[in-house]
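Taking it in order: structure first as structure tokens, then the write-up.
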Amino acid sequence: MMQTLKLHIYKPGKTEADTKISIPLSVLHISEKLLPKKVKESLSSEGIDLTELSGLFAKQGPKGKLIEIESQTERLVIIVE
């Protein structure tokens with residue numbers, strides 16, 4: 001079964017994600033070129049580089065919720081399933 005990286009971006013106080021993106025880990029190395037500008041800005045503002053993550057998952061990396069970042073403007077959750 002192929003692992004998937006999921007990015008969920010929530011607006012403040014919301015329980016339903018405003019933006020949901022699923023990226024198969026096998027294409028994570030090219031995914032940054034495909035992401036919407038808003039998502040790239042959210043990741044970049046938190047210092048998250050998806051191209052660096054692709055190396056970490058090359059050998060069956062961790063699963064589940066990896067990180068949850070909450071600011072005044074949004075909440076970002078990164079999950080591997």
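The values are calculated or read from the model by the stated rules, or taken from the named source; none is laboratory data. Worth saying up front: this structure is predicted, and the values here are computed from it rather than measured. All Cβ positions, even for glycine, are placed from backbone atoms using ideal geometry, and neighbour counts span all protein chains on display.
Below, the figures for the structure above:
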| quantity | calculated |
| --- | --- |
| Of all residues in segment 1-50 being assigned to a strand (DSSP E or B) and touching a residue at least 40 places away in the same chain (Cβ under 8 Å), the one that is farthest from VAL77 (Cα to Cα) | THR4 |
| Selection from segment 1-49 of residues that are crowded, with 16+ Cβ neighbours inside 10 Å, of a type in the set (Gly, Ala, Ser) and either within 17 Å of GLU70 (Cβ to Cβ) or in contact with a Cys (Cβ under 6 Å, 6 or more places away or on another chain) (or both) | ALA17, SER42 |
| Any chance THR15 is in contact with a Pro (Cβ under 8 Å, 6 or more places away or on another chain) and at pLDDT 85 or above | no |
| Residues of segment 62-81 satisfying the condition of being over 18 Å from ILE23 (Cβ atoms) and buried (at least 16 other Cβ atoms within 10 Å of the Cβ) | GLU74, ARG75 |
